[in-house]
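Working notes, structure below.
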Amino acid sequence: MRTRPLSTSKRKKEGSSLKVAFAVVLFLLLGVLAVFGLKIGSVRNSEEFAQNKISAYYFYTETDSVYNHLIIVNGEKRSIHVVRVPSYAFFYSKKLGVRESKPRDQVVYLNELLNIKPTFYYVIPERDEFFKRQGVKNVEEFLTLYSKRGLKLFDYFRFEKLVSQLRPDSNITAPGLAKLYDALGRYGIQTVDIPTLTKLPIKITVGNQVFIRHYVDEEGLENLRKSLQN
C-alpha cells in the first residue's frame, strides 16, 4: 500500500503553528523577565538600598524578652554592628525607660547617645509570624541565617508580604529590608552590649506601682561609641 506524502499546504500550516507557539512562549518569557527586572530594579535603585547610606534597624520586643537589638549597617565601612539593648534598660539622664517609651523614641535616643547618624532608621516588632516566614525563631537566629545566606533572587517577591504584616507598628520598607539581607551576607558582624550598672534588672516599688529597671552605665558608653566607629 502506498502512502501519500503530506501536502505542501499542510506542512506550511504545521510550520506556522510552531512559529506561533514559539512566539507565545517567547512573549511570556520576556514578560516574566520584565516583571523580574522591574521588581528587582525598584528595590535596588531605591535610595534606601544605597550602600553609601547608614541604616539603623531597631528590633524591639513586645514580650518579656531579654534584649532589643539595634542593628547598624554601614556600607562604606562594610560593617554591621549589633547593639544588644536590655529590654528593661533605663537611661537616667533622659528619664527614659525602654518599656515605658515608644520604639521610635528609643531608636532616636539610642542613635543620639551612641553618636550614630543614620540616614534611615526602622523600628521592627519582634513577632513570631515575621520570623516563622523566614524559617527562624528570633533575631539571633535571623542574623545567623542571613549572614550565611544573604540576599537571594526570589526574596524580592516576598518583601512586600513581610513588610505589610508588620504595619502599622513598623516603618520598614521592601528596599530597607532587602539592604539588611544583602549586608548580612556580605559584611562583617560585631555584637556589643549596652553596659549596665547591675547584672540583673532592679525591682522598684513606689506605692502601688512596681517598676523594673536596668540602669544603663552611661559613663561607660564611651568605649562602646569608639567600637561603633571602627
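The values are calculated or read from the model by the stated rules, or taken from the named source; none is laboratory data. Just so it is clear, the structure is predicted and the values come from calculations on it, not from any experiment. Here the Cβ positions follow ideal geometry from the backbone for every residue, glycine too, while neighbour counts run over all protein chains shown. These area figures cover heavy atoms from the full protein model, side chains too; ligands, DNA and RNA do not enter into them. Shrake-Rupley method; radii C 1.70, N 1.55, O 1.52, S 1.80 Å.
Can you name the residue in segment 199-224 that is part of a loop (DSSP other than H, G, I, E, B) and either out of contact with any Phe, Trp or Tyr (no Cβ under 7 Å at 6 or more places or on another chain) or modelled with pLDDT of 95 or more (or both) and is also least open to solvent (accessible area, probe 1.4 Å) among such residues? Applying the filter and picking the extreme gives D217.
When R133, R99, R78, R127 are screened for being under 18 Å from Y146 (Cβ atoms) and more than 16 Å from the chain's Cα centre (by Cα), only R78 passes. Evaluate segment 78-99: report whether one residue or more is among the hydroxyl-bearing types (S, T, Y), open to solvent by 30 Å² or more (accessible area, probe 1.4 Å), outside any loop (DSSP other than H, G, I, E, B) and modelled with pLDDT under 90. The answer is yes, given that some residue of segment 78-99 is among the hydroxyl-bearing types (S, T, Y), open to solvent by 30 Å² or more (accessible area, probe 1.4 Å), outside any loop (DSSP other than H, G, I, E, B) and modelled with pLDDT under 90.
Restricting attention to segment 121-148 and to residues that are of a type in the set (K, R) and farther than 18 Å from R167 by Cβ, the residue that is surrounded by the fewest Cβ atoms within 10 Å (Cβ to Cβ) turns out to be K148. Of the residues making up segment 58-74, those that are at pLDDT 90 or above and either open to solvent by less than 50 Å² (accessible area, probe 1.4 Å) or not in a strand (DSSP E or B) (or both) number 10. Among residues that are within 18 Å of the chain's Cα centre (by Cα), polar (S, T, N, Q) and buried (at least 16 other Cβ atoms within 10 Å of the Cβ), S55 is included.
Among residues that are among the hydroxyl-bearing types (S, T, Y), under 20 Å from D105 (Cα atoms) and open to solvent by less than 80 Å² (accessible area, probe 1.4 Å), T173 is included. Determine whether V163 is under 18 Å from E48 (Cα atoms), of a type in the set (A, V, I, L, M) and out of contact with any strand residue (DSSP E or B) (no Cβ under 8 Å at 6 or more places or on another chain). So V163 passes the test.
Residue by residue, here is whether (1) charged (D, E, K, R); (2) touching a residue at least 40 places away in the same chain (Cβ under 8 Å) holds:
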{"site": "K95", "(1), (2)": "yes, no"}
{"site": "S101", "(1), (2)": "no, no"}
{"site": "V108", "(1), (2)": "no, no"}
{"site": "I116", "(1), (2)": "no, yes"}
{"site": "L145", "(1), (2)": "no, no"}
{"site": "E160", "(1), (2)": "yes, no"}
{"site": "S164", "(1), (2)": "no, no"}
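Within the bounds of segment 20-40, is there any residue that is under 30 Å from V192 (Cα atoms), at pLDDT 70 or above and open to solvent by 20 Å² or more (accessible area, probe 1.4 Å)? Within segment 20-40, none of the residues are under 30 Å from V192 (Cα atoms), at pLDDT 70 or above and open to solvent by 20 Å² or more (accessible area, probe 1.4 Å). Just to be sure, is D169 modelled with pLDDT of 90 or more and outside any helix (DSSP H, G or I)? Judged against the criteria, D169 is a match.
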